[in-house]
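The values are calculated or read from the model by the stated rules, or taken from the named source; none is laboratory data. Here the structure is a predicted model, which is why all the values come from computation and not from measurement. When we count neighbours, we look across all protein chains shown, and the Cβ atoms used for this are built from the backbone with ideal geometry, even at glycine.
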Amino acid sequence: MDCIFCKIINGDIPSSKAYEDEWCYAFHDINPQTPVHILVIPKTHIASADGIDAENSVYVAKIFEAIPKIAAAAGLERGYRIISNCGEDACQTVKHLHFHIMGGRRLPENMG
Ligand code: 5GP
Ligand code: ZN
């Protein structure tokens, strides 16, 4: 499958690792929009939040168990935002489910 995030998981495309366990991989966004901008992805191909189902939702649960550890290691004790763009109107560009962890400065109240 021609998926850049699957290639990142496999090591075929280099990335700057922030965290890894058997369920997920986290790495620094190549084009950071905040001082800390990390992407967390499941180690299985799920196209977007729309593709989450009873079979694969364990990956999502495990990602959300990992996020506090990733945030703490990144120094985000003042808080952070978790974003997952899903589909065209949300401007999802990579069709492999990912959660943006963004912080390191005060973020705008408006999200849309
Ligand atoms: P989306 O717009 O789909 O929610 O977010 C995709 C994100 O992936 C973007 O923030 C973009 O900068 C990031 N990205 C795309 N390709 C790569 C890559 O090859 N390496 C890394 N580290 N980030 C990438
Ligand atoms: Zn993929």
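For the range 75-99, which positions are within 16 Å of ligand 2 (Cβ to nearest atom), in contact with a strand residue (DSSP E or B) (Cβ under 8 Å, 6 or more places away or on another chain) and not polar (S, T, N, Q)?
Across the range 75-99, the qualifying residues are HIS96, LEU97, HIS98, PHE99.
Give the range 44-56 a look and list any residue that's within 13 Å of ligand 2 (Cβ to nearest atom) and surrounded by fewer than 16 Cβ atoms within 10 Å (Cβ to Cβ), or say none.
Those that are within 13 Å of ligand 2 (Cβ to nearest atom) and surrounded by fewer than 16 Cβ atoms within 10 Å (Cβ to Cβ): THR44, ALA47, GLY51, ASN56.
Can you tell me which residues in the range 7-50 are out of contact with any strand residue (DSSP E or B) (no Cβ under 9 Å at 6 or more places or on another chain) and acidic (Asp, Glu)?
ASP12, ASP21, GLU22, ASP50
Could you please find all residues in the range 19-53 being more than 10 Å from ligand 1 (Cβ to nearest atom), out of contact with any Gly (no Cβ under 9 Å at 6 or more places or on another chain), under 17 Å from ALA72 (Cα atoms) and not acidic (Asp, Glu)?
Listed by number, the residues that qualify are TYR19, CYS24, TYR25, ALA26, VAL40.
Is one or more of the residues making up the range 30-42 in contact with a Lys or Arg (Cβ under 7 Å, 6 or more places away or on another chain) and either among the polar types (S, T, N, Q) or buried (at least 17 other Cβ atoms within 10 Å of the Cβ) (or both)?
For the range 30-42, residues in contact with a Lys or Arg (Cβ under 7 Å, 6 or more places away or on another chain) and either among the polar types (S, T, N, Q) or buried (at least 17 other Cβ atoms within 10 Å of the Cβ) (or both): present.
Is it fair to say TYR59 is under 19 Å from ALA73 (Cα atoms) and buried (at least 17 other Cβ atoms within 10 Å of the Cβ)?
No.
Which condition breaks for MET111 when tested against (1) at pLDDT 95 or above; (2) out of contact with any strand residue (DSSP E or B) (no Cβ under 7 Å at 6 or more places or on another chain)?
Every listed condition holds for MET111 apart from (1).
Which of the residues belonging to the range 88-109 are under 16 Å from ALA49 (Cα atoms), among the charged types (D, E, K, R) and free of Cβ contacts under 8 Å to residues at least 12 places away in the same chain?
The answer is GLU88, ASP89.
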